[in-house]
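Novice: The structure's right below; bear with me while I get my questions together.
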Amino acid sequence: MGTVTIGVSIAVPEPHGSLLQQRRAGFGDAAAHGIPTHVTLLPPTEVDDSELPAIEAYLAEVAAAGRPFAMRLSGTGTFRPLSPVVYVQVVEGAEVCAWLQKQVRDGSGPVARELQFPYHPHVTVAHGIDEAAMDRAFAELADYQAEWACTGFALYEQGGDGVWRKLREFAFGGAVVPPQAGHVERGTIPSR
């Protein structure tokens, strides 16, 4: 019996996820290849590994209460100087992400925890790298766009090697995909 580090997130689907991961690595973020591209619902949290079955059961309940929704990313933002992060903004679906993360961290659930910063859904594209590279990430992805229908979230575990691996996916209970999200699967980064 020991502890494990878990996280809960919405995966950014292909081809968008790999593209943003490659760009993150290209900006010099050494952690890029160990972190699937995502929108965080529960940040890295240490738990006793014996709690995983209860956590999975709870997350299944949260997902069952959820419904598919439109996710759209557009442009960049930053948490600097507070935190050394450049991100792609969630411009549609942010309210649902905020609701979901609150449910995941609910005080009555097995992974109740406070956040270090107020919750702000985003997709990190640079973290903890030099300022010039952060500025480049901010500028080069400023026109980035992606849209998809979000149909669930997943539980991840961070291995001893620092790599995050998916343990289980949780599909939302509703089968209806919002019509505005079902027709578009695109992600573009203008060439410069």
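The values are calculated or read from the model by the stated rules, or taken from the named source; none is laboratory data. Values in this document were obtained by computation on a predicted structure and should not be read as measured data. With ideal geometry, Cβ positions are generated from the backbone for all residues, glycine too; neighbour counts draw on all protein chains shown.
Novice: If a residue must be of a type in the set (K, R) and in a strand (DSSP E or B), how many such residues does the stretch 51-88 contain?
Specialist: Residues in the stretch 51-88 being of a type in the set (K, R) and in a strand (DSSP E or B): 1 in total.
Novice: Which of the residues spanning the stretch 138-174 are of a type in the set (D, E) and either under 18 Å from the mean Cα position of the chain (by Cα) or exposed (fewer than 15 other Cβ atoms within 10 Å of the Cβ) (or both)?
Specialist: D143, E147, E157, D161, E169
Novice: OK, next. Checking the structure you have, find out if any residue of the stretch 21-31 is under 27 Å from E114 (Cβ atoms), touching a residue at least 40 places away in the same chain (Cβ under 8 Å), touching a Pro at 6+ places or on another chain (Cβ under 7 Å) and not in a strand (DSSP E or B).
Specialist: No, the stretch 21-31 contains no residue that is under 27 Å from E114 (Cβ atoms), touching a residue at least 40 places away in the same chain (Cβ under 8 Å), touching a Pro at 6+ places or on another chain (Cβ under 7 Å) and not in a strand (DSSP E or B).
Novice: Answer with yes or no whether A112 is part of a helix (DSSP H, G or I), aliphatic (A, V, I, L, M), surrounded by fewer than 15 Cβ atoms within 10 Å (Cβ to Cβ) and out of contact with any helix residue (DSSP H, G or I) (no Cβ under 8 Å at 6 or more places or on another chain).
Specialist: Taking the combined requirement at face value, the residue does not satisfy it.
Novice: Could I ask something else about it? Report, ordered by the first and then the second residue, all pairs with beta carbons closer than 8 Å, sequence separation of six or more or different chains, a first member in the stretch 89-103 that is surrounded by 15 or more Cβ atoms within 10 Å (Cβ to Cβ) and in a helix (DSSP H, G or I), and a second member that is among the hydroxyl-bearing types (S, T, Y) and at pLDDT 95 or above.
Specialist: Q101/T40
Novice: Which members of the stretch 115-140 meet the condition of being assigned to a strand (DSSP E or B) and among the polar types (S, T, N, Q)?
Specialist: Correct list: T124 only.
Novice: Tell me whether the stretch 141-159 contains one or more residues that are in a loop (DSSP other than H, G, I, E, B), touching a Gly at 6+ places or on another chain (Cβ under 8 Å) and acidic (D, E).
Specialist: Yes, the stretch 141-159 contains at least one residue that is in a loop (DSSP other than H, G, I, E, B), touching a Gly at 6+ places or on another chain (Cβ under 8 Å) and acidic (D, E).
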